[in-house]
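Below is one structure, written out as structure tokens, with a few remarks after it.
The values are calculated or read from the model by the stated rules, or taken from the named source; none is laboratory data. Every value quoted in this text rests on a predicted model; they were computed, and no experiment measured them. For neighbour counting, all protein chains shown are included, and Cβ atoms are generated from backbone atoms with ideal geometry for every residue, glycine included. Accessible surface is based on the protein model in full, side chains and every heavy atom, while ligands, DNA and RNA are left aside. Shrake-Rupley method; radii C 1.70, N 1.55, O 1.52, S 1.80 Å.
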Protein chains: 2
Amino acid sequence: MATITPWEVKGNIDYDRLIKDFGLSKIDNKLLKELTSKLGDSHFLRREIFFAHRDLEKALKEHEKENLFLYTGCGPSGPIHMGHAMVWMFTKWLQDKLDCELWFQFTDDEKFLFKDKTYDEIQKWTHENMLDVIALGFNPEKTHFLIDTKHAGLMYPEAIKVAKKLTFSNVKGAFGLGNNNNVGQIFYTAMQAVPAFLPSVIYKKKMFCLIPHAIDQDPHFRLTRDIIPKLGYDKPASIQSRFLPGLAGMQSDGKMSSSTGQAIYLTDDAKTVRKKIMKYAFSGGKDTVEEHRKLGGNPDIDVAFQWLVFFEEDDKKLQEIYDNYKSGKLLSGELKQILVDKLNEFLVEHQKRREKAKTMLDKFIY
Amino acid sequence: MATITPWEVKGNIDYDRLIKDFGLSKIDNKLLKELTSKLGDSHFLRREIFFAHRDLEKALKEHEKENLFLYTGCGPSGPIHMGHAMVWMFTKWLQDKLDCELWFQFTDDEKFLFKDKTYDEIQKWTHENMLDVIALGFNPEKTHFLIDTKHAGLMYPEAIKVAKKLTFSNVKGAFGLGNNNNVGQIFYTAMQAVPAFLPSVIYKKKMFCLIPHAIDQDPHFRLTRDIIPKLGYDKPASIQSRFLPGLAGMQSDGKMSSSTGQAIYLTDDAKTVRKKIMKYAFSGGKDTVEEHRKLGGNPDIDVAFQWLVFFEEDDKKLQEIYDNYKSGKLLSGELKQILVDKLNEFLVEHQKRREKAKTMLDKFIY
């Protein structure tokens, strides 16, 4: 799958293989053109950060009939890192361009059931994470937060309709669950299916769902697609992103995980961001300045550069950085500083908006 | 286990063996005496219709501290038959004597998940069954209906705390569930555990639960007892009844089932009751009147007589019927007529109260 454009996100993950294994469709040039002509330009699409989909063409058609809504979610078990935020930045872009409703699920039940955390800890993180999501700038008039435990009165009656169509064998295969999993974990995917059709229930008319999500969530939505047509709803469309690489580099799973302790959180202050990037971001530079100047760095394995692919929208700037790093003109520390500045510019504003978000929770919670 | 007192409910079920297998305690003479001295006399106890228990002594002690509440339930998938009503008649007696709260669960999720019925059908039966429960005369000031789907907002957040402690292996063993069961069925027992501690959550003080139930529900509550102490609550106490035999006689499972089509429903009119008893109630009488007069009937296998053990509270009357049937003085049709009269006397009043119950739903639904 090796590609050498600077905007290609690298890693050990064979995304083309994932497309095949998961039965996804690649966002090809034709579809990219259609998206760009209808919605405008996004570096998330043109750099293939969102690279795969199901039924996206159909979603665009449904949008013309004003039936489309977006659905995405957050598993609240810790602070939000840039990998999460990236998916939601694109989701916000989609919402703005489509001018449609977004149903945002906080899967506090999932995190409670799968993590070694107390119910109260998960509730705390749900609150904290909601503030970050609001601060990302979603339209308050058209965004509805669903919190699985808080909205169980609405969701559980629908979830059992999904659950009735889903055997243990089905979820065993899809998630690798076994006899030692708890019965809440086994049930849970039914709850994750609900927002894909809940607006149809609430508005008493057939709505069409489009789910932007990181590719690891695909097994949930494959099952959702199998089942909800049996309940009389359309299969949801979806659009999948690659993972933002972890600071330590492209790990075996390629995904930035907050558990490595080396993620950048949306609540990190400028000093912390600088320290983390300088200390942990895997460098593609050479060992000495002399060597680097002579031989140049390798942006394709350099995490700071890879992050700029996600967060520096300007192609010209990015190409310049790429060329200068490769030629040895730009040192590793200088490249990292570019990323630090880019992130902190965003985070300072984000954290201001996050403060304001505290007064806006009621507006967002359905 | 053969006993020959007229008030012993017979059948192919070896209840002594169930006590051993389930790890129950028999309600022995000492406990029966204590119950009678504290609560008064009940034919359900003195005839060993409610015959087994767990921690009933402890429940009585907690009652002195005014911490006790009752919990029982109804699986709404069809009309209520006398076998259900029998358990709730005793529950009403207990509520009256203990003057305590009763939390009454309608497991509409369970019935939807386990039966080949639509969601709307189950909702219809939930409504119908609630009317029957109200008509049985529970204290409206102290009785709270929990409907699993309607109260999911309250119950699901608690159910996942139970679910987290319960693996698929646990429920496999307890209920014989397998890979082809749906994930809602696998989760469900967590919902049935919730009312055993929900009042402690609601009242923010430690309450103690006593569950009157037919013995087939015991596997649920065995799991509940294992798990809720891990959440900081006391193990619920319980008191178990035998099954009211089906009209066709003591089937292999001994339980009156509405699916045989030969149950007496609380909504049956007097004519229907008479017809069903005359036609279907298995008789212990002889083939001809002559033979019967000469040799006498066998009340121990006669369903009409066995039902009178459950519903004719007067020991003297019952003994007389027993003796007269055994001697041949009372014919099978006459015995059946005694039962028909007894049931219709109850049902006519019940159905009047059921009409009134339609205006009382709001008072009962929590």
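Values as computed for the structure displayed
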read-out	value
Assigned charges on the beta-carbon of Lys, Arg, Asp, Glu; the protein assembly as shown dipole about Cα centre (debye)	60
Average other protein chain Cβ within 10 Å of Cβ, residues A:187-194	3
Gyration tensor verdict on the range A:99-250 (Cα atoms; rounded if a/c is under 1.5, prolate if a/b is larger than b/c, oblate otherwise)	rounded
Label 7 Å beyond Cα on the Cβ vector: residue B:34 copy-to-copy distances, nm	7.5
Rounded to the nearest 10 Å², the accessible area of residue B:124 at probe 1.4 Å	110
Kirkwood Rh, Cα atoms: Rg over Rh of the range B:1-146	0.99
Theoretical ellipticity at 222 nm over chain B - DSSP helices of four or more residues, -39500 (n - 2.57) apiece, nearest 500	-15500 deg cm²/dmol
Nearest-10 value in Å² for the accessible area of residue A:348, using the 1.4 Å probe	70
Inter-chain Cβ neighbour average for residues B:332-341, partner chain, 10 Å	0
Of A:327, A:283, A:169, the one that fluctuates the most in a GNM where chain A has Cα springs shorter than 10 Å	A:169
With DNA, RNA and ligands ignored, accessible area of residue A:203 (1.4 Å probe; Å², nearest 10)	90
Of B:178, B:78, B:137, the one that fluctuates the most in a GNM where chain B has Cα springs shorter than 10 Å	B:178
Integer Hz, Karplus 6.51/-1.76/1.60 couplings in order for the range B:36-43, x for Gly and Pro	5, 5, 7, 10, x, 8, 9, 5
Between 0 and 90°, nearest 10: helix B:270-280 axis offset from chain B longest Cα axis	70
J(HN,Hα) series, the range B:105-110, from Karplus relation 6.51 cos²θ - 1.76 cosθ + 1.60, nearest Hz, glycine and proline x	8, 9, 8, 5, 5, 4
Burial order of peptide ranges A:209-215, B:357-363 (average beta-carbon count within 10 Å, highest first)	A:209-215, B:357-363
Cα-based convex hull, chain A, per residue volume (Å³, whole number)	136
Cα Rg over Rh - the range A:210-361, Kirkwood	1.09
For A:270-278, mean number of other protein chain Cβ atoms within 10 Å	0
Entries of B:26/B:363; A:61/B:115; B:26/B:316; A:124/A:286 with Cα pairs more than 32 Å apart	B:26/B:363; A:61/B:115; A:124/A:286
Exposed GluC sites (Glu not before Pro) absent: longest stretch of chain A, with sites in DSSP loops and at most 13 other Cβ within 10 Å deemed exposed	A:142-366
Amide hydrogen neighbours beyond the local backbone of residue A:249, cut-off 5 Å, H modeled	A:282
Among the listed pairs A:97/A:204; A:164/A:230; A:33/A:142; B:205/B:235; A:142/A:204, those beyond 20 Å (Cα-Cα)	A:97/A:204; A:33/A:142
Approximate shape of the protein assembly as shown as ellipsoid semi-axes (Cα gyration tensor, √5λ), whole Å, largest first	66, 25, 21
Sulfur and carbon atoms: percent of accessible area, the protein assembly as shown [1.4 Å]	50
Of B:276/B:317; B:111/B:206; A:161/B:172, those spanning more than 27 Å from alpha-carbon to alpha-carbon	B:111/B:206
HN-Hα J in Hz across the range B:25-31 - Karplus 6.51, -1.76, 1.60, θ = phi - 60°, x for Gly and Pro	10, 6, 6, 8, 4, 4, 5
For chain A, accessible area per residue (1.4 Å probe, heavy atoms of protein chains only), Å²	41
Size of electric dipole in chain B: Cβ of Lys, Arg +1 and of Asp, Glu -1, about Cα centre, debye, nearest 20	540
Ascending list, in nanometres, of distances separating the residue A:341 label from those of the other copies (7 Å, Cα toward Cβ)	10.2
Cα long-axis angle, helix B:119-135 against chain B (0 to 90 degrees, to the nearest 10)	70
Inter-probe distance in nm under a simple model that places probes 7 Å from Cα toward Cβ, at residue B:231 and residue A:58	3.9
FRET efficiency for residue B:337 and residue B:46, using Cβ-Cβ distance with R0 set to 30 Å, rounded to 0.05	0.70
Of A:44, A:175, A:197, the one that fluctuates the most in a GNM where chain A has Cα springs shorter than 10 Å	A:175
Complex-versus-alone comparison for the range A:135-160, residues with a loss of 30 Å² or more in accessible area, probe 1.4 Å	A:149, A:152, A:153, A:156, A:157, A:160
Relative contact order for chain A, counting Cα pairs under 8 Å that sit 6 or more residues apart, in percent	22
Copy-to-copy label separations for residue A:358, where each label sits 7 Å from Cα toward Cβ, in nm and ascending	5.5
Summed buried accessible area for B+A [probe radius 1.4 Å, Å², rounded to 100]	2800
Amide H partners (placed H, <5 Å) of residue A:265, local residues excluded	none
